[in-house]
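A.B. asks: Please see the structure below; I have some questions.
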Amino acid sequence: MPNIKSAKKRVLVAATKQARNKADKTALKTILKKVDADTNAETVKVAVKAVDKAAAKGIIHKNAAARKKSHLAKKLNAVS
């Protein structure tokens with residue numbers, strides 16, 4: 001455990017950010033699983049928006065976001 005006040009604060013801030021990032025990533029995974037269960041244009045649209053938000057926040061890398069969106073488009077086209 002750190003002794004310096006600023007180091008103690010960094011530990012608390014890092015823990016808070018880690019919890020928020022984990023919650024956001026879990027929510028993203030849930031949305032992507034909903035698309036697997038029920039693939040239609042509306043769920044894919046919601047999922048693409050969620051992926052873009054996650055990439056903007058830095059939860060996932062921009063190339064990972066592009067890959068996920070590509071997979072979503074392929075699933076939608078396969079169903080249509």
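Read-outs throughout are calculated quantities, based only on the coordinates presented, and are distinct from any laboratory measurement. Since this is a predicted model, take the numbers as computed values, not measurements. Counting neighbours? That spans all protein chains shown, and the Cβs are built from the backbone with ideal geometry, glycine included.
A.B. asks: Just to confirm the number: angle between the C-alpha axis of helix 5-37 and the first principal axis of the chain, 0 to 90 degrees, nearest 10?
C.D. replies: 10
A.B. asks: Going by alpha carbons, how many degrees (0 to 90, nearest 10) lie between the helix axis of 41-57 and the longest principal axis of the chain?
C.D. replies: 30
A.B. asks: In the chain, if every C-alpha pair distance is counted and binned at 5 Å from zero, what percent goes to each bin?
C.D. replies: Each 5 Å bin holds this share of Cα pairs: 3, 15, 21, 17, 13, 9, 7, 6, 4, 3, 2, 0, 0.
A.B. asks: Take the chain, connect every pair of alpha-carbon atoms lying under 10 Å apart with a spring to form a Gaussian network, then pick out the residue of 21, 40, 63 with the largest mean-square fluctuation.
C.D. replies: Top of the fluctuation ranking is 63.
A.B. asks: Against the longest principal axis of the chain, how steep is helix 62-79, in degrees 0 to 90 to the nearest 10, with axes from Cα atoms?
C.D. replies: 30
A.B. asks: Which is farthest toward the positive dipole end of the chain among 32, 15, 77, measuring Cα position about the Cα centre, with Cβ charges +1 (Lys, Arg) and -1 (Asp, Glu)?
C.D. replies: Comparing the listed Cα positions along the dipole, 15 ranks first.
A.B. asks: Any idea what the dipole of the chain comes to, in debye rounded to 20, about its Cα centre with Lys/Arg Cβ at +1 and Asp/Glu Cβ at -1?
C.D. replies: 500
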